[in-house]
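A quick write-up on the structure given underneath.
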Amino acid sequence: MKVRYIYSACIEIETPDIRILTDPWFTPGAYDGAWYQFPELKEPLSVIKEPDVIYISHIHPDHYDPIFIKKLFERYGEKPVLIPSFEKNYLYHKAKADGIRVTEVNEIKYGDTNIHIIPNVHGSDSDIDSALFVNYKDKNLLNLNDCIESPKHVYELKTIINQYCDKLDLLALGYTGAGPFPQTYYELSDPELLIKAELKKQQFFKRYISYTEHFDSTYHLPFAGKYMLAGKLTELNDFRGVADAFEVKSFDSKAIVLADHGNGEIDLASGHISAQREQLYSHQDYEARKAELKDKKLDYENEIYVPIEKIKFRKLLFESLVKARAKSELAEDYFFVFHIHINDKKVLTLALNCNKYSEVELLEQYEGLEPRSEYHVDYRHFFGCLTGLYHWNNAEVASFINVRRVPNIHNARAQAFLNFLSVA
């Protein structure tokens, strides 16, 4: 079994029976125009070998890239696309709408190669991932993608792995994390921001270490989560708390950091490793990429031209609130305050309570309401989220919204409420 590293969560897993391509994201501007690759692979089709099957771990756009999947089909012909099987399979329905045929798989066999796809449901059922286990004779690989550790999922994985081996040959796992925190929650001049960014890095390193303690493996491949923010978000890149995979080598002697763009490969049978990355990405290359991305336009800047005067925000938000409250399980007060901007100038403020038992109404005053999150958002993107053109979860991951919480405490259930705040 050979593993070839392409970019982020995209690897090729090759056995004598089959070549599996995982999570190929190469279309620039994921998350509604915010995410770009670094380092950039300008011609991925010249690097990626013809796959026999494609595995997509979950619906997030840095893993499920329908535009690039169709380019692969144009080059190599249509290939089976394997996805996890969920009770509510958002990825299945999204792919169907995109015109891509996918197959929900728990277990499938190709010759002597056994493939297991193990769903990992955590928190809100709209936030889901999966792991991939591949066995070929006495060689075994576990790909954890972006999975958040849970005892139930770990138990399910170990139950499957123990059918084949006592020790993995390769464990591919996340070492860093995306998301809007801390870069959108503080002023960029606030010294607390850099402290929080470093703390975020360390928390993801701890998760990485915990996974390596659960699954004994000869080699570890830190991967996934590689991106840079573009356009007006470019200045946030330095404060994301996103690590370089090479940093993992400082505390994990089993870590291999394969060179990008198909140059790095490990042969699990012989143990031969080709083209490892030997140092951090250069600061010069990082700054050059930031400069390239600075003038990019976010999707809402290119797609929405409705004048703010024509948008009935109060009506849209009230109808969205009614729909969201019907699906919400939040049974305590939590207030969202939306400061709507045009050209970075606040022009309108609307507030609401997402407690399912409170009166359904928009609030005119928000001072003194606690706990609350104050969202500063461009009117075009706010319009897109309320109408279903964009999704609140993508908006958060993309760092589109500046947030100030009072008190500054995360409430996961309140955050999940936003996923339903739309008239669509």
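The values are calculated or read from the model by the stated rules, or taken from the named source; none is laboratory data. Since the model is a prediction, treat every value here as computed from it, not as a measurement. All Cβ positions, even for glycine, are placed from backbone atoms using ideal geometry, and neighbour counts span all protein chains on display. Ligands, DNA and RNA are excluded from the accessible area calculation, which covers all protein heavy atoms including side chains. Shrake-Rupley method; radii C 1.70, N 1.55, O 1.52, S 1.80 Å.
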(message) Can you tell me what share of the DSSP beta bridges in the chain is antiparallel? A percent to the nearest 5 is fine.
(response) 70
(request) Considering only protein heavy atoms, with the full assembly of protein chains and a 1.4 angstrom probe, order His283, His376, His116 by accessible area, largest first. (result) His283, His376, His116
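For the stretch 281-388, with all protein chains present and a 1.4 Å probe, just round the carbon and sulfur fraction of the accessible area to a whole percent.
On the way: 2890 of 5960 Å².
For the stretch 281-388, the apolar C and S fraction of the accessible surface comes to 48 percent.
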(message) Counting heavy atoms of the protein chains only and a 1.4 Å probe, report the per residue accessible area for the chain as a whole number of Å².
(response) 44
(request) Could you tell me which label, among (1) 22.7; (2) 22.2; (3) 23.7, carries the value of Kirkwood radius over Cα pairs in Å calculated for this structure? (result) (1)
(message) Taking 25 Å as the cut-off for C-alpha to C-alpha distance, list the pairs among Lys42/Lys226; Lys71/Lys96; Lys2/Lys152 that go past it.
(response) Lys2/Lys152
(request) Pairs to check: Lys49/Lys294; Lys88/Lys356; Lys70/Lys294. Give those whose C-alpha atoms are more than 26 Å from each other in this structure. (result) Lys49/Lys294; Lys70/Lys294
(request) Starting from the Cα of Tyr281, step 7 Å toward the Cβ, then list every residue of the stretch 181-205 with an amide N under 20 Å from that point. (result) 181-184, 194, 197-205
(message) Let me make sure I get this right: for the stretch 188-333, a, b and c are the square roots of the gyration tensor eigenvalues over alpha carbons, sorted descending. Under 1.5 in a/c it's rounded, otherwise prolate if a/b > b/c, else oblate. Which is it?
(response) prolate
(request) Taking the chain as the reference, fit the longest principal axis to its C-alpha atoms, fit the long axis of helix 151-161 to the helix C-alpha atoms, and give the angle between the two in degrees, 0 to 90, nearest 10. (result) 20
(request) Find the centroid of the Cα atoms in the stretch 56-113 and in the stretch 301-367, then give the distance between the two in whole Å. (result) 35
(message) Solvent-accessible area of Lys49, probe 1.4 Å, all protein chains present, reported in Å² to the nearest ten, please.
(response) 80
(request) Can you send over the solvent-accessible area of Phe239, 1.4 Å probe, protein chains only, in Å² to the nearest 10? (result) 40
(request) Could you state how much accessible area Ile308 has, in square angstrom rounded to the nearest 10, with a 1.4 Å probe and all protein chains kept in place? (result) 30
(request) List, in the order given, every pair from Lys79/Lys296; Lys297/Lys345; Lys310/Lys345; Lys201/Lys327; Lys206/Lys249 whose Cα-Cα distance in the structure shown is over 22 Å. (result) Lys79/Lys296; Lys201/Lys327
(request) Calculate how steeply helix 313-327 sits against the longest principal axis of the alpha-carbon atoms of the chain, using the helix alpha-carbon long axis, and give the answer as 0 to 90 degrees to the nearest 10. (result) 50
